[in-house]
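Here is the structure we will look at.
Values quoted throughout were computed directly from the atomic coordinates according to the rules given, and no laboratory measurement underlies them. Fair warning: this is a prediction, and the values are worked out from it, not measured in the lab.
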Amino acid sequence: MTRMRTSAGLALAAILVALLSAMGGGVAHARTITGFLTFETGVDAEAIDLPGISFTTTTDTPWVYSDVRTHKYNAPYPQDCSDRPANIASPVCQFTVGGNFSAWTGAANTSGRFNFTQGTASFVDIDISAGAGTTVLAYNSLNTPIAAAYVNPNTNGSGARGVRLDAPDGERIAYVTISSSANLWLLDNLATDAPGVPDQRPPDHSRPALVSVVQHSDSAITISPGSVITLTMVATNHGRGAAKNTTIMLALDPALLHVEDVTFSREGAWVSALTETALTIQTGPLDPEGDVVTGTIRLAVLDTAAVGGAIGGPMSFSWQDKAWNGSSSSNDLGLRVGGTAFAPHLNASAEDGKITFSSAIFAPGEPVGLWYNTPDGSAVAVSTVLADAAGTISVALDTTGLPDGTYSMVAYGHWTEFMAVAPFVLP
């Protein structure tokens, strides 16, 4: 289990993002990929020369392709690196490459940049495998930084880090710089909507990921000023294709709380940015058909927090796969200072011989199963419905012909695992 302390490993990331937040940094939105570079069409050590994008270093030399099959590189995790050259130091298999190729700045450069040569972009999405802390900055055409990310060093086996840079509203990305204290990073799988960048994805895009993010909280506490509450974030890939990374953002109100710490269920997940107003999490890869990453977030409520202030809210998230990008939001726990932590609930209202059951506790698009328990203890299936874009369900039950007695309607979320019950009585 990995543990993040906000006062240490994220100091530089927090400074970078805080600077950009002051310039009006934006929130990630779903974008359409028009260019996607896998770098799999290159030749080892040859210069990268592609339309729509140029790769240069601080010494004005081009980036080059790196083919891990040559055994010249400390990669790729998780394949075998036992036959790497003797002059490459441990840890073995430090770097991850998706396939056989990646892009790098060559042996003499620690920093590089890539420019879009046929227009600007609204987003850039890259994989970086780093042996040392690495800073990624996106600039507009006026040479002003408009988005940033900091990549912590990946330990042996933790894989590549997915980095997504979104241009704020009214801005466009002209170029991106990547820099580190040492020549210990590789770039792979670059996606963007900049015009003219080639699309090197394979033609079969039939296996998309389908990611859900749900959150839970302590159920037996009162959220009072000075208390600490725990959120559990669960990211699951329900799709038939793998998600290479999912970016999750939780909004924070600095007048109410701050993040104490975050822990994850596995090494590949990490906190990529933390400011006073937002916590950003990268899950790392999620395998198809049920792979799960969980995160435990402890939030400290300030002593000065105003009673009634809203805490958290839905988490926004986006993911990348071989088919397309997806985005959505999590359920909303509706937490407030002075209130109790979350408890599932199901509302019931009767009219014209029907009872309508509704709830807004579920995740957007979540399958929710419904059944009712009869007075004699039997369970009768009603239906399975999908929650709408706000996580709301509404189902009407026709009670005509049902015997008198005490019943209960049950709604069960297949992703959140929330079970909400509403009793009702029929004379």
Tell me the volume per residue, in Å³, of the convex hull enclosing the alpha carbons of the stretch 202-299. 101
A correct Stokes-Einstein calculation for the stretch 347-426, using the alpha-carbon Kirkwood radius, 20 °C and 1.002 mPa s, returns a whole-number D in µm² s⁻¹ of 168
Sequence-distant residues sharing a close amide H with Trp371 (under 5 Å, placed H): Val382, Val410
From phi via Karplus (6.51, -1.76, 1.60), per-residue ³J(HN,Hα) for the stretch 40-52 in Hz, x at Gly/Pro: 7, 9, x, 10, 3, 6, 7, 5, 7, 9, 10, x, x
Under 5 Å between amide hydrogens, which residues at least 5 positions from Leu346 or on another chain qualify, with H placed 1.01 Å from N in the peptide plane? Val421
For the stretch 307-370 versus the stretch 373-395, the gap between their alpha-carbon centres in whole angstrom: 15
